[in-house]
Amino acid sequence: MKARITVTLKNGVLDPQGKAIEAALGSFGLGGIGGVRQGKVFDIELHGSDKDAAEATLRQACDKLLANTVVEDYAIEIA
Amino acid sequence: MRAAVVVFPGSNREADVARALRLAGADVVKVWHTETALPAGTDLAVLPGGFSYGDYLRCGAIAGRAAAMDAVRAHAARGGLVLGICNGFQILCESGLLPGVLMRNVNRRFICHRQLLRVERADTRFTSAYAKDQVIDVCVAHGEGNYFADPDTIARIEGEGRVAFRYCDASGVLTVDANRNGSLNSIAGIYSERLNVLGLMPHPENFVEDLVGGTDGRGLFASLAA
């Protein structure tokens, strides 16, 4: 199985990198972009085929290391 | 005073902090991050500045889960002293020894300059050689020093008198200009609940010799060695 974990900043947490990217996109003259928030994606290979067990493992991975839950949220997708 | 400086791959200020501690009279040993215990008789564990693990994932995130950090956590739980400077502060936040997180500087730049700090209290093991509200001249050098925590946590830290240092101007006033990384409440350093763990972004170890421009950092090491 494969999983994708997406880590994003919580609402209200300042994102200077996202702001810089937003400003750069604006400098290309691209219209219609209202805001940019930068996040991270982790693609993970999983052994076994038990989805529930995999999700439990990935939650631990996020809580222990992949996300800092003071400022970040995460989402887990298992394919 | 016996100090153990924990070194991670990418730490680069361990020699400076060891030197500052020795100048103050401490015995200093270095401990590699894979060690599972601190040397017997360790009074103070130090997490030095640098770029542990190249700042991969988040600053201090991987170092915060190193084997030696379990030993540092146990040391802190026994009431032992812990000092984290710059990357060491980031590691303390990531390891759960201190609340909050150090975010990217608000101006998006790596800042590297002399920095004035206001000493918020002089009744701790880290600051007894200073006076309350004294303004000290040290240095900062970081890209992620923007202290952030949720409003409840900030209220708790403030209410418990756990702010150690704040960025200020020459009169000790907290101005926006003095707070160049954008930290909430101009926070430059905080204590743990029992005041035995201190994390701060600025580098007091840079200023312990007249030769390099200042000696205001000495007070922190003198306090610890007293």
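Tabulated results
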{"quantity": "Cα-based Lys pair tally, the protein assembly as shown, threshold under 20 Å, eight or more apart or on separate chains", "calculated": "9"}
{"quantity": "Residue-averaged 222 nm ellipticity for chain B, from DSSP H runs of 4+ at -39500 (n - 2.57), nearest 500", "calculated": "-6000 deg cm²/dmol"}
{"quantity": "Alpha carbon convex hull of chain B, volume per residue in cubic angstrom", "calculated": "107"}
{"quantity": "Within chain B, longest stretch clear of exposed trypsin sites (Lys or Arg not before Pro) (DSSP loop, no more than 15 other Cβ within 10 Å)", "calculated": "B:1-77"}
{"quantity": "Angle between chain A longest axis and helix A:51-61 axis [Cα atoms, degrees, rounded to 10]", "calculated": "60"}
{"quantity": "Shielding of B:106-116 by partner chains, average beta-carbon count, 10 Å", "calculated": "1"}
{"quantity": "Distribution of pairwise C-alpha distances over the stretch B:22-82, 10 Å bins, in %", "calculated": "21, 50, 26, 3"}
{"quantity": "Cut-off under 5 Å, modelled amide H: who pairs with B:Glu209 long-range", "calculated": "B:Gly214"}
{"quantity": "Residues B:Ser128, B:Ser95 arranged by fewest to most Cβ contacts within 10 Å", "calculated": "B:Ser128, B:Ser95"}
{"quantity": "Antiparallel DSSP beta bridges within chain B, percent to nearest 5", "calculated": "55"}
{"quantity": "Evaluated at q = 0.08, 0.12 Å⁻¹: base-10 log I(q)/I(0), Debye formula over Cα of the protein assembly as shown", "calculated": "-0.37, -0.80"}
{"quantity": "The stretch B:119-216: mean projected area of Cα convex hull, nm²", "calculated": "6.4"}
{"quantity": "Neighbour net charge for B:Glu209 - beta-carbon separation under 12 angstrom, K R +1, D E -1", "calculated": "-2"}
{"quantity": "Shape box of chain A [Cα atoms, principal axes, largest first, Å]", "calculated": "48, 25, 14"}
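Each reported figure results from applying straightforward, stated rules to the coordinates on display, with no laboratory input. A quick note: this is a predicted structure, and the numbers were derived from the prediction, not measured. Ideal geometry is used to build each Cβ from the backbone, glycine not excepted, and the neighbour counts take in all protein chains shown.
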